[in-house]
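Structure first, commentary second.
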Amino acid sequence: MVHFLKDGKHFIWASERDGYNHLYLYQMDGKLVNQITKGPWSIHSAGGGVYWLRQAVTAIDNENNLIYFTALKKSSIERHLYRIKFDGTQQERLTKEDGTHRITFSPDSKYYFDAYSNISSLPSLALYKNSGELIKIIARPHPEKLAKFDIQYPELLTIPARDGFPLPAELLKPKDFN
């Protein structure tokens, strides 16, 4: 994935060169300017169809030097929206609720839809400003429609592997488990 900036002098490239999928800023001649995202986590797709399989960058705001991207920073089983400056400073998580957020930005990068759900919540859809400020909830979840089915929700946990890596796991207990 490569994103050319409007200044005509730089591009953003995603790479796993440090062991995690992160964003890097390059000059057009291929010289590395700086690593944008860093840490023991990876940028990850914002969801959607096949085209978006590896598209973690959801928007680029050239006027304010901001990149909007989705990542597995909080947890390997949660996807959140973040924004960061081209120089790698001022990283901020914009999505608040635990779970998975599928993000779709407007062409001008000023607004986005957040299709959100988690292990025990039905999907919802909301419209936000690029600052993370809620504008309007378009579709609320309706848990009352599932109440008659008495659904048991799994518990999410991690199991440490031999090397210490936290493997995600799911535990589904029978109803009235003691």
Next item on the list: Based solely on C-alpha atoms, express the radius of gyration and the Dmax of region 127-178 in angstrom.
Entry: 18.2, 46
Checklist line | Hydrodynamic radius of the chain per Kirkwood, over alpha carbon pairs, in Å | finding: 18.0 Å
Item checked: region 68-120: radius of gyration over Cα atoms, expressed as a fraction of 2.2 N^0.38 Å -> 1.16
Checklist line | Segments 83-96, 59-72, 2-15, 152-165 sorted - mean Cβ within 10 Å per residue, highest first | finding: 59-72, 83-96, 2-15, 152-165
Check: Which of Ser121, Ala139, Ala169 sits closest to the plus end of the dipole of the chain, meaning its Cα is farthest towards the positive end, when Lys and Arg get +1 and Asp and Glu get -1 on the C-beta?
Finding: Ala139
Notebook entry, point to check: Dipole magnitude of the chain about its Cα centre, charges +1 at Lys/Arg Cβ and -1 at Asp/Glu Cβ only, in debye to the nearest 20?
Noted result: 140 debye
Item checked: Calculated Rg and Dmax of region 91-178 using C-alpha coordinates, Å -> 17.1, 53
Item checked: Dipole magnitude (debye, nearest 20) for region 77-147, charges at Cβ of Lys, Arg, Asp, Glu -> 140 debye
Next item on the list: Can you bin region 109-155 into rounded, prolate or oblate? Criterion: square roots of the alpha carbon gyration tensor eigenvalues sorted a ≥ b ≥ c, rounded for a/c under 1.5, prolate for a/b above b/c, oblate for the rest.
Entry: prolate
Notebook entry, point to check: Where does the charge balance sit around Asp114 when Lys and Arg score +1, Asp and Glu -1, over other residues with C-beta under 14 Å from its C-beta?
Noted result: +4
Check: Once you put a point 7 Å from the Cα of Asp150 and another 7 Å from the Cα of Glu92, both along the Cβ direction, what distance in nm separates them?
Finding: 4.7 nm
Item checked: Contour excess over end-to-end distance, with Cα ends at Lys85 and Asn65 and 0.36 nm allotted per residue -> 6.6 nm
Check: What whole-number value in Å² describes the accessible area per residue of the chain for a 1.4 Å probe?
Finding: 63 Å²
Next item on the list: Determine the share of the chain's accessible area contributed by carbon and sulfur atoms, expressed in whole percent, with a 1.4 angstrom probe.
Entry: 54 percent
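The values are calculated or read from the model by the stated rules, or taken from the named source; none is laboratory data. Here the structure is a predicted model, which means the values were calculated and not measured. As a convention, Cβ positions derive from the backbone with ideal geometry for all residues, glycine included, and neighbour counts pool all protein chains shown. Quick note on the areas: whole protein, heavy atoms, side chains included, nothing else; ligands and nucleic acids left out. Shrake-Rupley method; radii C 1.70, N 1.55, O 1.52, S 1.80 Å.
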